[in-house]
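Report on the following structure.
Please treat every number below as a calculation from the coordinates, not as lab data. None of these values were measured; they are calculated from a predicted model.
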């Protein structure tokens, strides 16, 4: 693949990836409970309660608690947007570096 095509692919990946990450973040911002007029919302995780954390740790160990916390983090729109933006940036930079390497 020619360096100009690699640069074009890098730009396209960056533009599409970063714009989709921004769109995902803005469309799925967490709603505050004050705006809805009620105190209950879906932001509580399994590890917010000491009793649940204790049960998870007792049955699955500390690794299970870490896995539950990681899954809770991955279900947030902000972290999904961060992952998409990071991946798009990494792929775009790889394309740019390969194009620069082919030129020299």
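Normalised by 2.2 N^0.38 Å, where N is the number of residues, the alpha-carbon radius of gyration of the stretch 44-89 equals 1.40. Once the cut-off is 22 Å, how many percent of the Cα-Cα pairs in the chain end up in the long-distance tail? Result: 56 percent of Cα pairs exceed 22 Å.
Summary value for the chain: 56 percent relative contact order, contacts being C-alpha pairs under 8 angstrom separated by 6+ residues.
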